[in-house]
1. Can you find, among Gly95, Gly108, Leu139, the residue farthest towards the positive end of the dipole of the chain? Put +1 on the C-beta of Lys and Arg, -1 on that of Asp and Glu.
2. To the nearest 20 debye, what is the magnitude of the charge dipole of segment 17-58 about its Cα centre, counting +1 on the Cβ of each Lys and Arg and -1 on the Cβ of each Asp and Glu?
3. Divide by every residue of the chain the summed helix terms, -39500 (n - 2.57) for each DSSP H run of at least 4, and state the resulting mean residue ellipticity at 222 nm, rounded to the nearest 500 deg cm²/dmol.
4. With +1 on each Lys and Arg Cβ and -1 on each Asp and Glu Cβ, and nothing else charged, work out how big the dipole of the chain is about its Cα centre, in Debye to the nearest 20.
5. Assign one of three labels to segment 1-60, namely rounded, prolate or oblate, based on the Cα gyration tensor with a ≥ b ≥ c the square roots of its eigenvalues; rounded applies when a/c is under 1.5, prolate when it is not and a/b is larger than b/c, and oblate otherwise.
6. Beyond 25 Å, how much of the Cα-Cα pair distribution for segment 12-140 remains, as a whole percent?
7. Got a sec? How would Phe68, Phe129 order by Cβ neighbour count within 10 Å, fewest to most?
8. Could you work out the per residue convex hull volume over the alpha carbons of segment 72-140, in cubic angstrom?
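Since every read-out is calculated from the coordinates, none of them should be taken as a lab result. The model shown is predicted, which means the values in this text are computed figures rather than measured ones. In this analysis, Cβ positions are derived from the backbone assuming ideal geometry, glycine residues included, and neighbour counts consider all displayed protein chains.
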Amino acid sequence: MEPRISIVTLGVSDLARSRAFYEQLGWQASAASNEHVTFFQAGGIALALYSRKALAEDAKLPDGECAFGGITLAYNVRDKAEVAAVLAEAETAGGRILKPAQDVFWGGHSGYFADPDGHPWEVAWNPFFTLNERGNLILP
């Protein structure tokens, strides 16, 4: 298996609401989207929005709400001040702030928001990582 991720799919309760949230944050839906699924290009991978119930059925998993699903998504920024700005943008779009921007133990600055379905996103400035001109993370 080659080490890569092609698509991250988020199970959502209301596809139109979730699509509108991400579009308000500046994401552009792909022409491959339809009434059942929305795709967004996210650097070298895609983010997909799909019915939570249908996603659970497809994966042969029970659909149950839980406080934390054991995964977060991360959005890295180029400078410390951008963390608070992105969190504010997410809140304005209808997201919920889980943790405000703050210095963190590992030497960076981060905060968290949840999208309308509660999927947690970390917004982080990491002084040890670099973002290229396209915003893709370059690990040391």
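1. Positive-most Cα among the choices belongs to Leu139.
2. For this selection, approximately 140 debye.
3. That comes out to -6500 deg cm²/dmol.
4. Taking the Cα centre of the chain as origin, the dipole is about 140 debye.
5. Taking the square roots of the gyration eigenvalues as a ≥ b ≥ c, segment 1-60 is oblate.
6. 29
7. In order of increasing Cβ crowding within 10 Å: Phe68, Phe129.
8. 88
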